[in-house]
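The values are calculated or read from the model by the stated rules, or taken from the named source; none is laboratory data. These numbers come from a predicted model, not from an experiment. When we count neighbours, we look across all protein chains shown, and the Cβ atoms used for this are built from the backbone with ideal geometry, even at glycine.
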Amino acid sequence: MAEPTVSGSAAEMARAKQAPHLHEPRLVTSRDVAGESVLDRIADVVNRLIGSMWLFVGISTGIVLWLFAGNIVGFDKTPWPLLLTLLNLPQLSIMISLQVSANRAQAASDARALADHATLVALHELAKKQVEILDGQNKVLEILRRAVATGSPEAQV
């Protein structure tokens, strides 16, 4: 599903103001605002991989094994320079992936905010109508109180 547009949300707000009783709240999830292009799908896969706990555990285990195995097996007598070089290489792509992930999360958050705002507008309009109804009821009650106090014949019925 495509991301909601500003004009689409403006139309939804207008409908919520005109007929708040017809408004149906929407649940917007990250899947609802997922992009449909190939790059968007690749970004989703990369974000799930980079942000997974399994990758963190794998990298941490690899670092510990490298430090111990480098001295025991002898392929890296001073493990820090080579290890740090190898660990710094993917940092640029990971930083870009984090920014892409943040942008995608922001799009989902914006869509949720628009849906929530439309619901709040509808609730506000309903509350205003309730206040109008209550004011009308208070006016009717005041008219009835005055009629009873003056002893008008309509109050006797």
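Name every residue in the range 6-33 that is acidic (D, E) and touching a residue at least 24 places away in the same chain (Cβ under 8 Å), in order of residue number.
Here is the first cut: in the range 6-33, the ones acidic (D, E) are 12, 24, 32.
Selection gives E12, D32.
Among the residues of the range 87-118, count how many are surrounded by 13 or more Cβ atoms within 10 Å (Cβ to Cβ), hydrophobic (A, V, I, L, M, F, W, C) and over 21 Å from D40 (Cβ atoms).
2
Does the range 6-30 hold any residues that are of a type in the set (S, T, Y) and assigned to a helix (DSSP H, G or I), and which are they? Break it down into steps so the answer makes sense when it comes.
At the first step, the residues of the range 6-30 found to be of a type in the set (S, T, Y) are 7, 9, 29-30.
Residues satisfying the conditions are S7, S9, S30.
Would you tally the residues in the range 31-51 being farther than 23 Å from Q91 by Cβ, over 20 Å from the mean Cα position of the chain (by Cα) and assigned to a helix (DSSP H, G or I)?
Total satisfying the criteria: 1.
Which residue pairs have Cβ atoms under 9 Å apart, sit 6 or more places apart or on different chains, and have a first residue in the range 126-152 that is in contact (Cβ under 8 Å) with a residue 24 or more places away in the chain and a second that is in a helix (DSSP H, G or I)?
L126/P20; L126/H21; K129/P20; K129/H21
If we keep just the residues of the range 64-107 that are modelled with pLDDT of 80 or more and of a type in the set (F, W, Y), which is nearest to the chain's Cα centre (by Cα)?
W66
Filtering the range 14-67 down to residues that are among the hydrophobic types (A, V, I, L, M, F, W, C) and buried (at least 16 other Cβ atoms within 10 Å of the Cβ), which residue is farthest from R104 (Cα to Cα)?
Filtering the range 14-67 for residues among the hydrophobic types (A, V, I, L, M, F, W, C) gives 14, 16, 19, 22, 27-28, 33-34, 38-39, 42-43, 45-46, 49-50, 53-57, 59, 63-67.
Checking the rest, the ones that are also buried (at least 16 other Cβ atoms within 10 Å of the Cβ) come to 16, 28, 33-34, 43, 46, 50, 66.
On the way: A16: 27, V28: 14, V33: 8, A34: 8, A43: 9, V46: 12, I50: 14, W66: 35 Å.
Restricting to residues being among the hydrophobic types (A, V, I, L, M, F, W, C) and buried (at least 16 other Cβ atoms within 10 Å of the Cβ), the top hit is W66.
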